[in-house]
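The values are calculated or read from the model by the stated rules, or taken from the named source; none is laboratory data. Owing to the predicted nature of the structure, the values given are computational and were not obtained by experimental measurement. Glycine gets a Cβ as well: all are built from the backbone with ideal geometry, and neighbour counts include every protein chain shown.
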Amino acid sequence: MKCLAVCQDELVLRVLAQVLEPSFDIDFIVESKPLARRLHDAGLPVTAADPRRVDTYLKADVSPTTCILIQDTGRKSLARMVEAARDAGGTLIYIISTGASSKRSDEIRSDCPDVSCLTLAGLVAPTLHTELGRSLTRARVQQYQRYFQDADRVLILLHNDPDPDAMASGLSLRNLLRRTKTTAIIGALQTMTRPENLRMANLLDIHVEQITPEAFASFERIATVDVQPHYFGGLLPRVDLVIDHHPEQPGYSAVFKDIRADYGSTCTILTEHLRAVDVNISERTATAMLYAIKSDTLFFARQTNRSDLDAFTYLYPLADAALIRKMEGAEITMERLQIVRHALDNGALTEQFFVAHLGQVPREDFITYTADFFLQLEETRWAIIAGRVNGTLIVSVRNLGYSKNAGEFVKKVFADVGSAGGHRAMAKAVVPWDRFVEKHGDLSPADVTAFLKAQATEFLGEPAKK
Ligand SMILES: [Mn+2]
């Protein structure tokens, strides 16, 4: 593509030459003859001419497909330059201003609406911001890398029934710590049970070791990823590193932590760590991380920000897309369908929400699966699904995200009898059944459904908290 740049400033001219050559066939016009001579001698394609004259552009052979860049030097003659370029047949005209004022570019645009205005600051800003932001991350990562360096045994601890984000975070942190599976154990108190999670572990050959709380003491350094130490209820009073995207919790101490509750996945944070220190990402790790981001954000359908999209774009070419398709597989199993049918038969649908108590279920994932399932229902905006796993009542809440906060709902209803929290669009309460009974009585499954329905009706009827 042909490009003609009208510059009066050597720095701007040299920068444009470096950026645009050799992809663009570029010529420069400057007013000052000595400057033109000097740059010409330095090998740059520069001509000295008057940029307010039409024949300057005719001689430069501009056509409607030539990109014409005109540096705004703040002088009145700018309008005449634009006019001359246009009279010579130029149509793709850009003004590059080096000043900070946007008033000037507004003026230019009101005179010539088809001219595009760029500022040098605007062009430089995104890259510089990313680079400086990355240097802070780099310092932080290098600190924890050093801190873990000499340890004999390292534990990377995940939450129970690790999901794709937890497993992939484990893999990538091991990568960042430059360790292997014998020098850094990826472990959990309870390993995978959900079919999707098992499938991912098998296909990517990820081994998550079952750890007992007594074993914690045998590790010199402990990191938790996709979870914070309070989750382990006092069993982990102190950790060395916490990387998580759940809302920050009090009640523990950590030497290093990076918690970003506005991120869609922990793997997004770890992608930034990996990029900041230029660690090579293997196809296996990239595949795991990409799948984790996809799965934690429901393919960007919930809690996603710019960084999640950036991480996805970065990992995509490094990952094995066919393997991801295979991992996704079919999530529907007979067992799950039976539970969904049970919920349909025993639940209640109102104008705003679907609520059901499933009674005793064998695993927690039946509850979250049923909540996700009913959120797809055309007629509903909220799904509130409870179930008992052994002696614990688990309540999973999902909504479409533009209404009230799911996290606030579970806190309001359950914070006094158990743990409750989450995001705007998804939240969870975990309540020991005997504590629930103490407060609300030994309710039958139908009564629990009725209780949740009453609570949700009240909560959703209240004016939203600002
Ligand atoms: Mn996660």
message = Under 6 Å between Cβ atoms, which residue pairs at least 6 apart in sequence (or on different chains) link something in the range 238-252 that is surrounded by fewer than 18 Cβ atoms within 10 Å (Cβ to Cβ) with a partner that is assigned to a loop (DSSP other than H, G, I, E, B)?
response = PRO247/ALA261; GLN249/GLN228
query = If you scan the range 414-424, which residues turn out to be of a type outside the set (Lys, Arg) and either closer than 13 Å to PRO247 by Cβ or crowded, with 21+ Cβ neighbours inside 10 Å (or both)?
reply = PHE414, SER419, ALA420, GLY421, GLY422, HIS423
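Evaluate the range 407-430: report whether one residue or more is more than 23 Å from HIS230 (Cα to Cα), part of a strand (DSSP E or B) and out of contact with any His (no Cβ under 6 Å at 6 or more places or on another chain).
No - not one qualifying residue is present in the range 407-430.
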ask   = Any idea which residue in the range 256-282 is surrounded by the fewest Cβ atoms within 10 Å (Cβ to Cβ), counting only those that are at pLDDT below 95, farther than 17 Å from ARG138 by Cβ and not small (Gly, Ala, Ser)?
value = ASP262
ask   = Within the range 67-168, which strands (runs of 3 or more DSSP E) (wholly inside it) include 2 or more residues that are in contact (Cβ under 8 Å) with a residue 40 or more places away in the chain and over 30 Å from ALA276 (Cβ atoms)?
value = 67-72
task = Any chance you could count how many residues in the range 250-308 are part of a strand (DSSP E or B), under 22 Å from SER135 (Cβ atoms) and either within 16 Å of the ligand (Cβ to nearest atom) or aliphatic (A, V, I, L, M) (or both)?
result = 4
query = In the range 385-412, what residues are of a type in the set (Gly, Ala, Ser) and under 26 Å from the mean Cα position of the chain (by Cα)?
reply = SER396, GLY401, SER403, ALA406, GLY407
remark   = Note on the range 108-124: residues loosely packed, with under 14 Cβ neighbours inside 10 Å and farther than 16 Å from LEU16 by Cβ are SER110, ASP111, PRO113, ASP114
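Go through the residues of the range 232-249 one by one and say whether even a single one is in a helix (DSSP H, G or I), away from the ligand (no atom under 16 Å from the Cβ) and in contact with a Pro (Cβ under 9 Å, 6 or more places away or on another chain).
Of the range 232-249, the ones in a helix (DSSP H, G or I) are 232.
The next check asks that each one be away from the ligand (no atom under 16 Å from the Cβ); those that pass are 232.
From the residues that got through so far, the ones that are in contact with a Pro (Cβ under 9 Å, 6 or more places away or on another chain) too are 232.
Scanning the range 232-249 turns up at least one residue that is in a helix (DSSP H, G or I), away from the ligand (no atom under 16 Å from the Cβ) and in contact with a Pro (Cβ under 9 Å, 6 or more places away or on another chain).
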request  = Give the residue, chosen from LEU157, LEU189, that is within 16 Å of the ligand (Cβ to nearest atom) and assigned by TED's automatic domain parsing to the domain that holds VAL277.
outcome  = LEU157
key: From the options LYS453, LYS466, LYS404, LYS412, residue that is basic (Lys, Arg), at pLDDT below 95 and in the same structural domain as ALA371 (by TED's automatic domain parsing)   = LYS404
inquiry  = Of everything in the range 414-457, what is among the aliphatic types (A, V, I, L, M) and out of contact with any strand residue (DSSP E or B) (no Cβ under 7 Å at 6 or more places or on another chain)? Give them in sequence order.
reply    = ALA415, VAL437, LEU443, ALA446, ALA450, ALA454
query = Here are some conditions: (1) in contact with a Phe, Trp or Tyr (Cβ under 9 Å, 6 or more places away or on another chain); (2) touching a residue at least 24 places away in the same chain (Cβ under 8 Å); (3) assigned to a helix (DSSP H, G or I). ALA356 meets all but one. Which one does it not meet?
reply = (3)
ask   = Looking at (1) surrounded by fewer than 20 Cβ atoms within 10 Å (Cβ to Cβ); (2) closer than 24 Å to SER295 by Cα, which is the one condition that is false for SER396?
value = (1)
note = Every listed condition ((1) surrounded by 18 or more Cβ atoms within 10 Å (Cβ to Cβ); (2) within 30 Å of GLU458 (Cβ to Cβ)) holds for ASP345 save (1)
query = Taking ILE95 and the conditions (1) surrounded by fewer than 20 Cβ atoms within 10 Å (Cβ to Cβ); (2) over 21 Å from the mean Cα position of the chain (by Cα); (3) over 30 Å from GLU328 (Cβ atoms), which numbered condition does it fall short on, given that it satisfies the others?
reply = (1)
ask   = Would it be correct to say that THR368 is surrounded by fewer than 22 Cβ atoms within 10 Å (Cβ to Cβ) and within 32 Å of the chain's Cα centre (by Cα)?
value = yes
